[in-house]
Every structure is written in C-alpha cells, then in structure tokens.
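First comes the structure, then the notes that go with it.
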Amino acid sequence: MRELTLKLENMHCDACVRRVTMTLEKLGTKVEEVKVGSARLQAPVTLGTPDILQALNKAGYPATVETINV
C-alpha cells in the first residue's frame, strides 16, 4: 500500500478536517492524519490518486500531491 501526502486548500478548522476525512473514508481510503495548521493530509492509499483529488475538489478542498511513498 502506498502513502499519499496532499496539500489541501480551504482547510480552516476542525469541521474541515472532519469533512475531508469523511470524504476520503467514503471512497474507502483510510485517513491516518489531517493537520489543519499546515493543511496537509497523510493517508494510506488504496485508490488511484486522481479519484482522491477529484473527490476532495468536489467537496471544496482542492488538493495537490506532495509525496507518494511506495
């Protein structure tokens, strides 16, 4: 399994963290950590990266890939 680190836009509070977490969990991606202050997310990835980026964008949190660890 790969680990993905994303930089997210529009992350401002704990409610944002919950929404991002729920968005990814609905896709079947288990989220390990979401940090509001740095607006970064780390999660083990079982889906393709485009699926995750599209879901986050639709939820209002555009994201860019920082790292993918295999």
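The values are calculated or read from the model by the stated rules, or taken from the named source; none is laboratory data. From a predicted model like this one, the values you see are computed outputs, not experimental measurements. Ideal geometry is used to build each Cβ from the backbone, glycine not excepted, and the neighbour counts take in all protein chains shown. Note: accessible area is taken over every heavy atom of the protein model, side chains too, but ligands, DNA and RNA are not part of it. Shrake-Rupley method; radii C 1.70, N 1.55, O 1.52, S 1.80 Å.
Details
- If R0 is taken as 25 Å, the Cβ-Cβ distance between residue 13 and residue 33 corresponds to a FRET efficiency of 0.95.
- Accessible area (Å², 1.4 Å probe, nearest 10) - residue 9: 100 Å²
- The protection proxy used here, the mean number of other Cβ atoms lying within 10 Å of each residue, ranks peptides 15-25, 60-70 as follows, highest first: 15-25, 60-70.
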